Amino acid sequence: MGEAIVITSGKGGVGKTTTTANIGAGLAQAGQKVALIDADIGLRNLDVVMGLENRIVYDLVDVVEGFAKLKTALIKDKRFENLYLLPAAQTRDKTAVSPEQMRDLVGEMKEEFDFVLIDCPAGIEQGFKNAVAGSDKAVVVATPEVSSVRDADRIIGLLEAEEKHHPSLIVNRIRPSMVKKGDMMDINDMIEILAIELLGVVPDDEFIVVSTNRGEPAVLNPQSRAGEAYRNVTRRLMGENVPFLKLEEESQGFIGRLRKMMGIKG
Amino acid sequence: MFDLFARVFGRDDASKEVAKERLRLVLVHDRASLSPQALENLKNDLVKVISQYLDIDDQGFRVDFSRDEDAMALVANIPIRKKVNRNTL
Ligand SMILES: Nc1ncnc2c1ncn2[C@@H]1O[C@H](COP(=O)(O)OP(=O)(O)OP(=O)(O)O)[C@@H](O)[C@H]1O
Ligand SMILES: [Mg+2]
């Protein structure tokens, strides 16, 4: 029996789809059997980020409504034969499926796959409820900005209300140079405010744009810094204890590093 | 020495401090669905009650909601100047 993880955020555009694609490809590269569900009905995106847009025949709504079998609708990835995508319907909206239907679907997929990753739409309404319904675990993506952290806090509260306990946090688009100057919240600030466990820290990386252009998740590129961060997330999800060392140093800022150099704690 | 460094390099007006303070305030209300006015009233009432027993510094007085694991708590930080002499009450 696999594990279903929903990638959510509240605020739009903070990196849910990017994160889903990268964790999915990373887990597949590590040999896990993985299915990705694009739960953003009406705003299908995960297919293009994965570079699989030309292969879509059936979608999530077709499966839920019984027009297509799950096996026929799942698209096999180009690079990994153990990675699949269930695309969102593009011409329908969130009301086309219910949380109960999603729960059943995800349950069925967990029997087949080690990991089922669900890309949640922005917002807190039915799309969110659908995406979260079948999940065992939630990952909250937030950027180091006031509005994103605020929405993440709201989502953490709503996850609690849906009985989804202990979500973990991915901080995305961190810019070490701005953190150093004190012009961007650091990891510790965010964890402290949100009171949530940290799963990953992903730097702002131009390569994400390049990889999205190509439809090749950055996690597969050994040179990409964001890719490296996603590889670490992948290993943590598989139960490995991977330290956050490098980024911690970057997030401590000038005084922190100075103190560390001089061997002063706190 | 380090304080000097901190003063020179660690700007107090760094925008992340502004961000944190604004978040702290906005989240208090978000988390409790309590209006700023209601929270202010709560705070004033608390000050009134507690100052019957202790000499408190109402400038440093802070009321905050904190979320710990699955529970939400109202946390008040109340700096005490000194104990009020009970005989004078
Ligand atoms: N670490 C990063 N570095 C640079 N760019 C990034 C990073 N993460 C995401 N982006 C860019 O930010 C944009 C939004 O990302 P993405 O589509 O993953 O967000 P989303 O949360 O899924 O958005 P939506 O709420 O619309 O579904 C994309 O253009 C993506 O390339
Ligand atoms: Mg998205």
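Quick look at the values:
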{"item": "For chain A, radius of gyration divided by Kirkwood radius, i.e. Rg to Rh on alpha-carbons", "result": "0.98"}
{"item": "For the range A:108-218: Kirkwood Rh in Å [reciprocal of mean 1/r, alpha carbons]", "result": "15.5 Å"}
{"item": "Relative contact order of chain A, defined on C-alpha pairs under 8 angstrom at six or more residues apart (%)", "result": "24 percent"}
{"item": "Mean Cβ neighbour count within 10 Å, used as a protection proxy, ranking A:167-177, B:34-44, A:139-149, A:88-98 highest first", "result": "A:139-149, A:167-177, A:88-98, B:34-44"}
{"item": "Rg over Rh [alpha-carbon atoms, Kirkwood Rh] for the range A:1-90", "result": "0.94"}
{"item": "Given charges at beta-carbon only (K, R positive; D, E negative), |dipole| of chain A in Debye", "result": "780 debye"}
{"item": "Proximal aspartates and glutamates relative to B:LYS43, as straight alpha-carbon distance under 12 Å, when same-chain residues fewer than 8 apart are discounted", "result": "B:ASP58, B:ASP64"}
{"item": "Neighbouring partner chain Cβ atoms per residue of B:16-22, average, 10 Å criterion", "result": "5"}
{"item": "HN-Hα J in Hz across the range B:31-47 - Karplus 6.51, -1.76, 1.60, θ = phi - 60°, x for Gly and Pro", "result": "5, 9, 6, 10, 6, x, 5, 4, 5, 4, 4, 4, 4, 4, 5, 4, 4"}
{"item": "Per-residue ³J(HN,Hα) for the range A:127-140, Karplus 6.51 cos²θ - 1.76 cosθ + 1.60, θ = phi - 60°, Hz, x for Gly and Pro", "result": "x, 5, 4, 4, 5, 7, 3, x, 7, 9, 8, 10, 10, 9"}
{"item": "Derived scalar couplings ³J(HN,Hα) [the range A:230-236; Karplus, 6.51 cos²θ - 1.76 cosθ + 1.60; whole Hz; x for Gly, Pro]", "result": "5, 5, 5, 4, 4, 5, 5"}
{"item": "Ranked list, fewest to most other Cβ atoms within 10 Å of each Cβ, for A:MET102, A:MET1, A:MET185", "result": "A:MET1, A:MET102, A:MET185"}
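Values in this text are rule-based calculations from the coordinates and carry no lab data. Since the model is a prediction, treat every value here as computed from it, not as a measurement. Every residue, glycine among them, receives a Cβ derived from its backbone with ideal geometry; neighbour counts consider all protein chains shown.
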